[in-house]
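The values are calculated or read from the model by the stated rules, or taken from the named source; none is laboratory data. Please read all numbers here as calculations on a predicted model, not as lab measurements. Here the Cβ positions follow ideal geometry from the backbone for every residue, glycine too, while neighbour counts run over all protein chains shown. Note: areas computed on protein heavy atoms with side chains; ligands, DNA, RNA excluded. Shrake-Rupley method; radii C 1.70, N 1.55, O 1.52, S 1.80 Å.
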Amino acid sequence: MPARTLLLFQTHYLDRALERAFRRLARQAPPHFECRVLVHLPPGRPAPARLSRVPHHLVRTDELRAMPYPRKTADADWTGRPWEMWGGGHCDLIALHGMLAHPGFDRYWVMEYDVAFTGDWGRFFAAFEGSDADLLTTCIRERADDPAWVCWPSLQGGAHGDAAQAFATAAFLPLWRVSARLVAAMDAAYRDGYGGHVEASWSSLARARGMKLEDIGGDGPFVAEGNRRRFYTASPSTALQFYLAPGTFFAKPHMYRPGRRRDTLWHPVKPWHWGDEFRAALREWRIIGGAWKLALREWLSRRHGGAAPG
């Protein structure tokens with residue numbers, strides 16, 4: 001019997017084009033998939049009018065902050081800056097809220113609205129039906145492959161954080177599939193005070209617990225036989241290049257439309273909004289600046305015998 005699967009199409013708005021993309025996704029998904037639009041909104045913002053026309057799960061920021069995760073919802077994040085959804089790497093709370101609200105599934109796919117596939121979604125999902133990975137996603141890399149990444153120190157929280165640091169692994173999560181047992185493990189760990197940037201917390205805890213990670217495509221040791229560079233390409237992250245471009249699946253720059261290569265994942269594909277881009281750039285540089293400040297404070301502490309100068 002196929003694994004019962006919930007697919008969450010994550011977005012913060014729903015216009016005609018996105019509704020059409022979701023309906024195509026739901027139409028091409030395997031019969032044992034249940035598909036829902038996952039919408040996150042701030043308090044007070046009206047829900048999109050089109051939302052009533054599709055199966056959906058709506059969650060607002062205040063509901064996410066009320067989740068019983070002391071480190072993920074703390075007033076200050078791991079760099080000491082005030083809590084911020086995207087800048088602090090807490091957007092996984094949106095997906096986790098949707099998963100926990102719909103128990104009973106064996107697997108959960110989460111797809112951001114700006115992921116495109118130049119082929120039939122049914123063929124893509126069928127390629128991984130036989131995979132028993134607890135976390136199936138993109139651009140999986142170990143700390144040794146990307147030692148300069150600024151978000152490694154975010155893995156914190158007692159024994160959970162210590163274990164995650166020992167198995168520190170990063171992944172890029174615009175598109176990911178997670179097993180029910182990893183959802184339960186993350187929920188329990190977050191409740192116990194574990195925390196971290198979304199691109200490190202899930203993959204690192206999964207490895208620390210002996211769970212299986214698999215890369216959808218690309219390169220690296222986590223790609224299954226036959227899938228290397230099959231569904232996407234990206235570039236290794238380095239100290240000076242942390243957007244994973246060039247390739248077909250990366251963080252920036254945005255694409256207005258997917259490329260022509262068939263049966264390929266493309267990200268990010270979305271219209272240009274200069275205000276959103278400016279705010280996103282500010283968030284990213286705050287992360288980098290906060291991480292550098294934290295690293296400098298730790299270096300000064302070691303140099304001055306355990307206490308940083310005031």
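Here is how the numbers come out for the structure above:
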read-out: Mean accessible surface per residue for the chain, computed with a 1.4 Å probe while every protein chain stays in place, in Å²; value: 46 Å²
read-out: For the chain, built as a Gaussian network whose Cα springs stay under 10 Å, the top-fluctuating residue of His32, His40, His90; value: His32
read-out: On Cα atoms only, tilt of 16-28 relative to the major axis of the chain in degrees; value: 70 degrees
read-out: The chain, dipole about Cα centre (Lys/Arg Cβ +1, Asp/Glu Cβ -1), debye to the nearest 20; value: 660 debye
read-out: Equivalent ellipsoid semi-axes - Cα gyration tensor, the range 157-259, angstrom; value: 27, 15, 13
read-out: Residue (of Ala49, His12, Leu93) at the positive-pole extreme of the range 1-106, dipole from beta-carbon charges; value: Ala49
read-out: Rounded accessible area of Cys91 (nearest 10 Å², 1.4 Å probe); value: 20 Å²
read-out: The range 42-97, Cα convex hull volume normalised per residue, Å³; value: 90 Å³
read-out: Built amide H within the under 5 Å cut-off of Val37, gap 5+; value: Phe9, His56, His57
read-out: Solvent-accessible area, 1.4 Å probe, carbon plus sulfur percent, for the range 126-194; value: 54 percent
read-out: Linear extension gain, Ala66 paired with Arg262, 0.36 nm per residue minus alpha-carbon span; value: 66.3 nm
read-out: Under Karplus coefficients 6.51, -1.76 and 1.60, residue-wise ³J(HN,Hα) of the range 84-97 in Hz, glycine/proline x; value: 8, 4, 7, x, x, x, 10, 5, 5, 4, 4, 5, 5, 4
read-out: Most to least accessible of Arg141, Arg27, Arg286 (protein chains only, probe 1.4 Å); value: Arg27, Arg286, Arg141
read-out: Per-residue ³J(HN,Hα) for the range 204-209, Karplus 6.51 cos²θ - 1.76 cosθ + 1.60, θ = phi - 60°, Hz, x for Gly and Pro; value: 5, 5, 4, 5, 5, 8
read-out: Ellipticity estimate at 222 nm from DSSP helix runs (n ≥ 4, -39,500 (n - 2.57)) divided over the chain, nearest 500; value: -9500 deg cm²/dmol
read-out: Part-to-part distance (alpha-carbon centres) for the range 117-135 and the range 201-271, which is given in Å; value: 14 Å
read-out: Kirkwood-based Rg to Rh ratio, the range 24-127, C-alpha trace; value: 1.01
read-out: Karplus 3J(HN,Hα) series, Hz, for the range 116-132 with 6.51 cos²θ - 1.76 cosθ + 1.60 (x for Gly, Pro); value: 10, 9, 8, x, 7, 4, x, 5, 5, 5, 4, 5, 10, 4, x, 7, 9
read-out: In the chain, lysine pairs with alpha-carbon atoms under 27 angstrom apart (chain gap of 8 or more, or interchain); value: 5
read-out: Pairwise Cα inverse-distance average, inverted: Kirkwood Rh of the range 55-176 (Å); value: 16.7 Å
read-out: Relative contact order for the chain, counting Cα pairs under 8 Å that sit 6 or more residues apart, in percent; value: 18 percent
read-out: Quarter of the Cα convex hull surface for the chain, i.e. its orientation-mean projected area (nm²); value: 16.5 nm²
